[in-house]
1. Which net charge results when you count Lys and Arg as +1 and Asp and Glu as -1 among the other residues whose beta-carbon is under 10 Å from that of VAL210?
2. Can you check what the net charge comes to around LEU201, using other residues whose Cβ is under 13 Å from the Cβ of LEU201 (Lys, Arg +1; Asp, Glu -1)?
3. Arrange the following residues from fewest to most other Cβ atoms within 10 Å of their Cβ: HIS262, HIS44, HIS337.
4. In a Gaussian network model over the chain where Cα atoms closer than 10 Å are linked, find which of MET226, MET108, MET298 has the largest mean-square fluctuation.
5. Helix 288-307 versus the longest principal axis of the chain: what angle, 0 to 90°, nearest 10, using Cα atoms?
6. Per-residue HN-Hα couplings for the stretch 91-97, Karplus 6.51 cos²θ - 1.76 cosθ + 1.60 at θ = phi - 60°, whole Hz, x for Gly and Pro?
7. Taking every pair of alpha-carbon atoms in the chain, give the share separated by more than 41 Å as a whole percent.
8. If one computes the Cα centroid of the stretch 136-205 and of the stretch 337-366, what distance in Å separates the two points?
Amino acid sequence: IISLLVLFIVVSGFSTIKIGAVLPVTGGISAFGQLVWEGVQLAHEQISSVLGEEIQLVLVDNRSEKTEAANAVSRAIDREHVVAIIGEVASSHSLAGGQIAEDKKVPMISPSSTNPLVTEGKKFVSRVCFTDPFQGGALAVFSYEKLGVRKVAVFVDFEQDYSVGLSNFFIETFTKLGGQVKKIFYKTGDQEFSAQITQALSYGADAILVTGYYPEIALVAQQAKMLGFSGKILAGDGADAPELVQIGGEAVEGIYFTTHFHPDAKVTDKSKEFVDLFVKKYGKKPSTLAALGYDAYMILVDAIKRAGKADPVLIAQEIRKTKNFEGVTGIITIDEHGNALKSVIVDVVKNGNFEFETVINPDQFV
Ligand code: PHE
């Protein structure tokens, strides 16, 4: 009996598959991490085992910091022995953490990091979202053609690879269309933007594009209004957290931003199902990052299933063989470089909510 008991303990001890979620749960962009985590947990509730073993989620906080982004991945792999990682959110974090995952040969699947360099030259880092050449191009076309914007002050967060990249990709397409731009720099954590806004005003910008994250976008919007800027304010997916409205209030009304998901867009049958499940569990509509987190988890588990065993190298290969996966943010195919090609959604802030404005498909101009 004792040996049976020991056997049982040994077997059950090995019968879980550990998946890490490396996210910014505290710090500057903590809203992002918490939103992804909501989606991952809901997905885990839907499918909590694979290959006959239970899936155990391990949440590791990167504190919204670049150095922690790398440490957190090391911790997940070396101490928690995860076979794969969901994360990270910000591109600069995925770049830092992704290098560790690559070296240690453990797959990482980012729900949301859109900078092209995140996957470039790597075998173990993939993503379930579109990349910024497409996002920036879509934002440029929408601004020029739909909003009639011609002269844009581009506010670049020079500490964020995401912001630097998205700015450049926007500018490339926008100037090709005939528009004019001026780059104006700031950095993560800045509180005071009057110098930048004054520059935008004297440039005669008819729009300010802030390519960073929600804390600074909200402050720029407030201070721009206060200083008499009456043009449009534009942003990328970094705007997409309810905290944008909580921080910015009235001032963020009318902001247009590109993103990955809207609960009203219902791009697949799964989207509708997901929205219902989410509302039931959390009593609110799902955010973009929750939807992306849900998809990242589901695609990862599907890859583990196809791998046939919880082997990190096999899982990494299978992630990149994901074909026409019905996700909640779209039909997802991950190519051999670890990237996905998906539609860009445009939202506008109205009455304190994110309203669906339009969708731009890859075949429209890529
Ligand atoms: N795309 C952003 C980045 O790469 C992260 C992000 C995605 C933030 C979606 C909010 C919503 O840094």
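Readers should treat all values here as calculations from the given coordinates under stated rules, not as data from a laboratory. Keep in mind it's a predicted model, so treat the numbers as computed, not measured. So basically every Cβ, Gly included, is an ideal-geometry build from the backbone, and we count neighbours across all protein chains shown.
1. -2
2. +2
3. HIS337, HIS44, HIS262
4. Checking each option, the largest mean-square fluctuation is seen for MET226.
5. Computed tilt is about 30 degrees.
6. 4, 4, 6, 5, 5, 5, x
7. The answer is 12 percent, as a whole percent.
8. Here the two parts' Cα centres lie 18 Å apart.
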